[in-house]
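This report concerns only the one structure given below.
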Amino acid sequence: MSRPVTVGIDGSAPSLAAASWAAREAELRDAPLHMLAAWSVADGVRPDAPEAAASRHWAVRSLDLALDRLRGRHPRLELHARLLNARPREALLNAGADAELLVLGSRGLGGTSALLLGSTGAQTAAQADFPVTLVRSLPHPHDLPDGPVLLAVDAGHDAPDNVIALAFEEAAMRKAPLRALYAWLPPGLLPTYPVTVASRPHGRSPQARHAEHRLTEVLLPWRRKFPDVRVEEVCLEDVPAGAVAAAARRAALTVLGHRVSPDAGSRLGAVAHAAVRDAPCPVLLVPHM
C-alpha cells in the first residue's frame, strides 16, 4: 500500500487550499490522504479548562469542514482524519516522517497559517528530513496555478539527485513540462540589497557557456529516465533567490532543495525563503545534506 499524503488542517483558508491540493496530489500518486489537526494548550492549563475545550472543539470542526469538502469533490479518494493532542510542530514532524509528502497551508508574505501552523509552518519545513509542500490560499476553491513544474537547480555544486528526481516525477504525473532554472552570479560579484540585476539569457561569454553546459550535464541522466517529460533549460545571470521567485509566478509547482544541517536550525535558506514568501504556486521543499 502506498504511503499517505498528509496535510495539516486548522480551518483557515490556506489550510483548506492545502487540503484541496493534497487531495489531487494523493490521486496522482494513487495514495490515501491523511488529514491532521493538532490541538494543545499552554503549559499550566488544565486539560478540562475552557480554553482546552475550545481548542479541541475548533480542531474537530476544522477536520469536519475539510472532510465534507473533500468527500464531495473526491468521492473515490481514501480519506482519513486524525485529531491529536500535541504541539503542532511535533505532530506535523511525526506524521510527515511516515508520509510520502507533507502538505501545509501558507500565507506567503504573511508567514504561515495562523492556528495549526502559525510560525511553525516554515520551521517544520526547515527541520523536516522529508519533502514538504507549502500551498497558498487560492482566489477560488477549484483554481490551481497553471504552467510548468519549475525546478530550481544549483548546477554550480553537486545537484542533489532526490530534488531533481522528485521534480521530474511531479512533471511526469501531471503530464506537464519541466522548466529547469539555473541562476548564477559571476565569481566575485556579491549581491547588494535591494537587488537590482537584469535577468538575461546567456549564450556568448565563456562563463555563460559553462553554466549552460553544466545544467545540461546535470539534467541528462534524468532526461533519459523520463523521456516523455518535455524539458526547458534556462540559465540566468541573476541573484538566485530573486530569479526563482520571479519564475515561480509562472509555474504550477516549484520544486527546490534546501539544506538540512544542525547549523541551519529552523531557518530556510535564501532561495527557499524567497520562493515561500513570494511564489503564488505551491512550493515543494526537498531536504538534502
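Only the coordinates and a few stated rules stand behind these numbers; no lab work does. None of these values were measured; they are calculated from a predicted model. No Cβ is skipped: glycine too gets one built from the backbone with ideal geometry, and neighbour counts run over all protein chains shown.
Extending 7 Å from Cα along the Cβ direction at Arg223 and again at Phe130 yields two label points whose distance is 3.4 nm. Using R0 = 41 Å, the C-beta based FRET efficiency linking Arg76 and Arg259 works out to 0.60.
Backbone geometry of the stretch 54-71 corresponds, through the Karplus equation with coefficients 6.51, -1.76 and 1.60 at θ = phi - 60°, to 3J(HN,Hα) couplings of 5, 5, 5, 4, 5, 5, 5, 4, 5, 5, 4, 4, 5, 4, 4, 5, 6, 4 Hz, x marking Gly and Pro. Inter-label distance, Ala13 to His288: 3.5 nm, where each label sits 7 Å from its Cα along the C-beta direction.
Assign one of three labels to the stretch 213-254, namely rounded, prolate or oblate, based on the Cα gyration tensor with a ≥ b ≥ c the square roots of its eigenvalues; rounded applies when a/c is under 1.5, prolate when it is not and a/b is larger than b/c, and oblate otherwise. Don't jump to the answer; show the numbers that get you there.
Values: a/c = 3.23, a/b = 1.51, b/c = 2.14.
It comes out oblate by the Cα gyration axes.
Placing R0 at 35 angstrom, the Cβ-Cβ distance between Ala54 and Met173 gives a FRET efficiency of 0.30 after rounding to 0.05. In this calculation the C-beta distance from Asn85 to Ser205 is compared with R0 = 41 Å, giving a FRET efficiency of 0.10.
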